[in-house]
Amino acid sequence: MGETLTPDWAGALRRARAHSPFLARALDRQPDLAALLEAGEGAAALAWARTQSQHPDAEIALRRERLALAAALAVGDLAGAFPLAQVVHELTAFADRALDTAIRTAITERTDLDSADGFIALALGKQGAGELNYSSDIDPVLLFDRDRLPRRASDDPGEAAQRYARRVVALLAANTADGYALRVDLRLRPASEINPLCVPVGAALTHYQGAALAWERAAFTRARAAAGDIAAGEAFLAQIRPFVWRSQLDFGAIEEISALTMRIRDSHAGPPLPGPGFDVKRGRGGIREIEFYAQTHQLIHGGRDVSLRVRGTRAGLDALAAAGWIDAENARVLGEGYDRLRAIEHRLQMVHDRQTHALPEGEALDNVARLDGLADGAALVAELTDLTTRTGRIYEELIGRSAAAPVAVAMPTSRLARQLGDWGLAEPEVLAERIETWRDGRHAAIRSPQAIEAWDRLAPALLEAIAHSDDPMRAITRWERIIESVPSAITTFRLLDARPDLTRRLVAALTLAPVLSDELARKPELLDTLIDRDALELPGEVPAIMARMRGAAVREDYEALLDAIRIVTGEIRFALGIQLIEGLADPLAIARALSRTAEAALQLATDATVAEFTAKHGRIGASELLILGLGRLGGGALTHASDLDLVYLFTGDFAAQSDGPRPLGGTIYYNRLASRVSAALSVPTAQGALYEVDTRLRPQGNQGPLAVSCEAFGKYQREAAWTWEHMALARARVLYGSAAARAQLEAVLAEVLHARRDRAALREAVLGMRAEMAKHKPQAGPVDAKLARGGLVDIEFLVHYLQLKGETADGSPLAETAPEALSPDLEQALAGLAAAGLVPADLAEPHGLMSRMLVAGRLLAPDGREPPPSGARALARACGCDSYAALLEAFAAARARVAQVWKQILGTDILAHEQENPA
């Protein structure tokens, strides 16, 4: 009936004595407890119940505490004083205490040691979820560590573990004069048909990492280290976390769980609708279906959304609704229905303390209803009918797709050809034969019966989407590359079939962006990222991205972290690419997001590499590594094709020596460390490559050492660097190092960049460098916004010239009057220069247009040449233009405006050659 505002202790005791023989006997055997309950002292009654555990005989103590606790909780529950959450929490806490006591007792009896080291009890099911009911059994998985298990010297570890396990079961489950403490079911252990009661940790790890079934994944969403060696249990659960919470979606596992539910329904002998014999746990819309509903959604999304990794069913439903994965109203209906079903389950079990879930007949049904406070059994049946109709309908929405899905049948080639022709594709017969070869066993991706079945189910929708795309043949060719290059695509097929909205995005990537389709060919699981609720939103700031990377590591070691960095970076880059080609975000915002992602990867990889390196070589006192970002990384605006321009520096004495087991001198120390950092950022791991790292902008380029001291760096920049090197420094930003070290390096940069220069010599150097660059790197195509004269390079040269010149029109230092003008971010620098009166304010517009062209063009027109029609339209849309023709017109106008400003500032006509030779 739920809670009442004022607990009705007298009514609860009256109903308990009248309708529950078990509770009546329990109250009679414990008059002190009954007195507390009659006085309405619920908290005191629970405290009294816990004191019953003080008997010196553990077997007796556990049974007396359990009887007292069951009676106190039942009456408080019936009175409306104890909500369901409190009842199941108290029952679970007792189960944990009892299991731990039994383990320690079993070990002490054999060894005289009060220790549970190396003996692990993992709670699954309702105990793991913190949701035990009155007469639940517990389903622990017992594990042992051969090297740590307490035992007699003559005992084999395996034999000792089995002896302890048998004694634990007896201590808890044997029926004595005092009853039982807990029923114990050990059948959820790994490979229970062949493994002993207590399984070695190593064997369990092997099982879960390679041989476990889908239902075991679902069971372990509720797993918890509950008793024995808790720390070892938590470590074990951490090791198998990737088995439970998979970052790559496994719709095959989801289908297995749905099929399991259907088998349970089909094999359930009870009536399908509430009435005598109806099972509130296994029946339609019952407890188990609500639990499976939550667990299935958690399995689908919990690998990527850590907010869903909660154990309780109600908590799982609430988390799924809060994260937007399920409808909030469905979560409410299922949650409230679950609580009520659990309460009714408790009433059924209170009567005779039996593990039953079925409604009885006749007077027994009326008895249960009246124990609950209802008028009779008919009222209970009516309530259950309404409740399970609503919950069952919601669950069937989940399983209906897989349960009712037709068996996929391959379309005959002739029929496929007709269909392709109806969709307007050229040479449909030839194309149909080509498509048919995809499933003839030549490609590993579509070779197994399961893969063929999954492909046949997906094919009609995918082929239709391809046929209606802007460039079907391009999409088909790139799709072929994917299925030719991956060993298995069954998960991809099932994902696309389950989420038709992803098919459209897949076809867009195949049609518009070869970079994205190539990434999919290498890692088709990237499609998984697009079902995340925030996949098509820009990533957060650097700390949030770093946290996501750390969370993706399957183990707490260096290699796992480097893999995680690559996984998350790839996911973000792919999602940003989809946002770009679909016009969901401004290319400038995408460029900044790509830069934040690179900075997060750099900081995390460097932290980990420094830790690994110092473990072997120690540290150098008053000295540390610094990393300077230049180019687009320094400016905070990367593209999908950008490499990382880095300069490695260090503070302190280059002649000092490290203090580790294998000491190194300062210069060698930091050059080796810098090399390791570059490798961490660039060398392919099992998860592929990360970035290309370019260190050629360091002092003396490739001829110089990889890392130099800040002092040597400043000396080189002041005395030996070329003008182009100072221009590169204008986009420098310190990306790694302590606040004090950053300040030291920033002072060196400021000294170099703010130094007084000969204006004429600076102008000649800038003009000479740009002319030489134009000769060797001409414009690649009509949308090459970077290298075209009047393009981005010319804007960058203008900005850097004015920054190095360092003065306003009246000769005031820029650093003092317009510090924003010296920003490595070109957008900010242009605003600062405009505010100082050094460039026209409208120069920001050409820069914005061409920056968008560059960022979008790296995906849609990677070589700067004219993209295909679909890519041209997407490029125009990304740049805010109505058509490709309008984009070219805007590009021409932007270049002309840049040329005008160039002539005003530097005095040369950079478009004169093109005007004389328009071809």
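The values are calculated or read from the model by the stated rules, or taken from the named source; none is laboratory data. Just so we're clear, the structure is a prediction, and the values are computed from it rather than from any experiment. Ideal geometry is used to build each Cβ from the backbone, glycine not excepted, and the neighbour counts take in all protein chains shown. Ligands, DNA and RNA are stripped out before the accessible areas are found, and what is left, the full protein with its side chains, is counted by its heavy atoms. Shrake-Rupley method; radii C 1.70, N 1.55, O 1.52, S 1.80 Å.
List of remarks:
- Single unsatisfied condition, E59 versus (1) farther than 16 Å from S136 by Cβ; (2) out of contact with any helix residue (DSSP H, G or I) (no Cβ under 9 Å at 6 or more places or on another chain): (2)
- For the range 114-132, a residue qualifies if it is assigned to a loop (DSSP other than H, G, I, E, B) and either of a type outside the set (D, E, K, R) or buried (at least 22 other Cβ atoms within 10 Å of the Cβ) (or both), and the qualifying residues are S115, A116, G118, L124, G130, E131, L132.
- Check on V683, closer than 20 Å to L604 by Cβ, β-branched (V, I, T) and at pLDDT below 95: yes
- Looking across the range 750-766, just one residue is among the β-branched types (V, I, T) and within 20 Å of I905 (Cβ to Cβ), and that is V766.
- Contact map, the range 718-747: residues that are touching a residue at least 40 places away in the same chain (Cβ under 8 Å) and of a type in the set (D, E, K, R) paired with residues that are in a loop (DSSP other than H, G, I, E, B) and open to solvent by 20 Å² or more (accessible area, probe 1.4 Å), Cβ distance under 6 Å, separation 6+ or inter-chain. Pairs shown: R731/P824; R733/P824.
- Within the range 592-609, residues that are open to solvent by less than 10 Å² (accessible area, probe 1.4 Å) reach partners that are polar (S, T, N, Q) with beta carbons closer than 6 Å, at six or more positions or on different chains, in the pairs T597/T569; A601/T569.
- Pick from the range 483-496, criterion open to solvent by 60 Å² or more (accessible area, probe 1.4 Å) and in a helix (DSSP H, G or I), ranking: nearest to A641 (Cα to Cα): S485
- Residues of the range 261-281 classified as modelled with pLDDT under 90 and open to solvent by 50 Å² or more (accessible area, probe 1.4 Å), total: 7
- Any hit, the range 897-909, residues being within 30 Å of D471 (Cβ to Cβ), hydroxyl-bearing (S, T, Y) and either in a loop (DSSP other than H, G, I, E, B) or at pLDDT below 95 (or both): no
- The one condition in (1) under 25 Å from A564 (Cα atoms); (2) at pLDDT 90 or above; (3) crowded, with 21+ Cβ neighbours inside 10 Å that R217 fails to fulfil: (2)
- Members of the range 556-571 found to be open to solvent by 10 Å² or more (accessible area, probe 1.4 Å) and out of contact with any Lys or Arg (no Cβ under 7 Å at 6 or more places or on another chain), listed by number: E556, D557, Y558, E559, L561, L562, D563, I567, E571
- Sole exception among (1) in contact with a helix residue (DSSP H, G or I) (Cβ under 8 Å, 6 or more places away or on another chain); (2) open to solvent by 40 Å² or more (accessible area, probe 1.4 Å); (3) under 19 Å from Y293 (Cβ atoms) for R393, by number: (1)
- Pairs, first under 26 Å from G583 (Cα atoms) in the range 535-552, second open to solvent by 40 Å² or more (accessible area, probe 1.4 Å) and not in a helix (DSSP H, G or I), C-beta under 6 Å, six or more apart: L536/L584
- Only one entry in D8, D77, D57, D28 is acidic (D, E), open to solvent by 50 Å² or more (accessible area, probe 1.4 Å) and touching a residue at least 60 places away in the same chain (Cβ under 8 Å), namely D8.
- Top-ranked residue of the range 236-246 - restricted to ones that are farther than 13 Å from I120 by Cβ and not in a helix (DSSP H, G or I), ranked as most open to solvent (accessible area, probe 1.4 Å): R246
- A211 being out of contact with any Cys (no Cβ under 6 Å at 6 or more places or on another chain), closer than 14 Å to F236 by Cβ and open to solvent by 20 Å² or more (accessible area, probe 1.4 Å): no
- Taken together, the residues in the range 62-99 that are of a type in the set (G, A, S) and within 23 Å of L142 (Cβ to Cβ) amount to 3.
- E480 open to solvent by 70 Å² or more (accessible area, probe 1.4 Å) and either assigned to a helix (DSSP H, G or I) or over 18 Å from P428 (Cα atoms) (or both): no
- Members of the range 335-355 found to be touching an Asp or Glu at 6+ places or on another chain (Cβ under 9 Å) and either closer than 19 Å to T385 by Cβ or open to solvent by less than 10 Å² (accessible area, probe 1.4 Å) (or both), listed by number: G335, Y338, R340, R342, A343, I344, H346, R347, M350
- Helices (runs of 4 or more DSSP H) completely within the range 6-95 that count 2 or more residues being at pLDDT 95 or above and either in contact with a strand residue (DSSP E or B) (Cβ under 6 Å, 6 or more places away or on another chain) or closer than 24 Å to A226 by Cα (or both): 42-51, 58-79
- Among the candidates A174, A225, residue that is open to solvent by 20 Å² or more (accessible area, probe 1.4 Å), hydrophobic (A, V, I, L, M, F, W, C) and modelled with pLDDT of 90 or more: A174
- All conditions but one from (1) open to solvent by 20 Å² or more (accessible area, probe 1.4 Å); (2) without any contact (Cβ under 8 Å) to a residue 24 or more places away in the chain apply to G704; the one that does not is (1).
- Checking the stated criteria, R442 turns out not to satisfy the condition of being assigned to a helix (DSSP H, G or I) and among the charged types (D, E, K, R).
- Residue in the range 817-824 that is of a type in the set (A, V, I, L, M) and without any contact (Cβ under 8 Å) to a residue 40 or more places away in the chain present: yes
- Looking only at residues of the range 641-691 that are without any contact (Cβ under 8 Å) to a residue 60 or more places away in the chain and among the β-branched types (V, I, T), we find that the one that is most open to solvent (accessible area, probe 1.4 Å) is I668.
- Each residue in the range 797-838 was checked for being touching a helix residue (DSSP H, G or I) at 6+ places or on another chain (Cβ under 8 Å) and of a type in the set (V, I, T), and 2 pass.
- Selection count where residues are open to solvent by less than 10 Å² (accessible area, probe 1.4 Å) and either under 21 Å from E525 (Cα atoms) or acidic (D, E) (or both), scope the range 290-318: 5
- Yes/no for G857 being of a type outside the set (F, W, Y) and surrounded by fewer than 23 Cβ atoms within 10 Å (Cβ to Cβ): no
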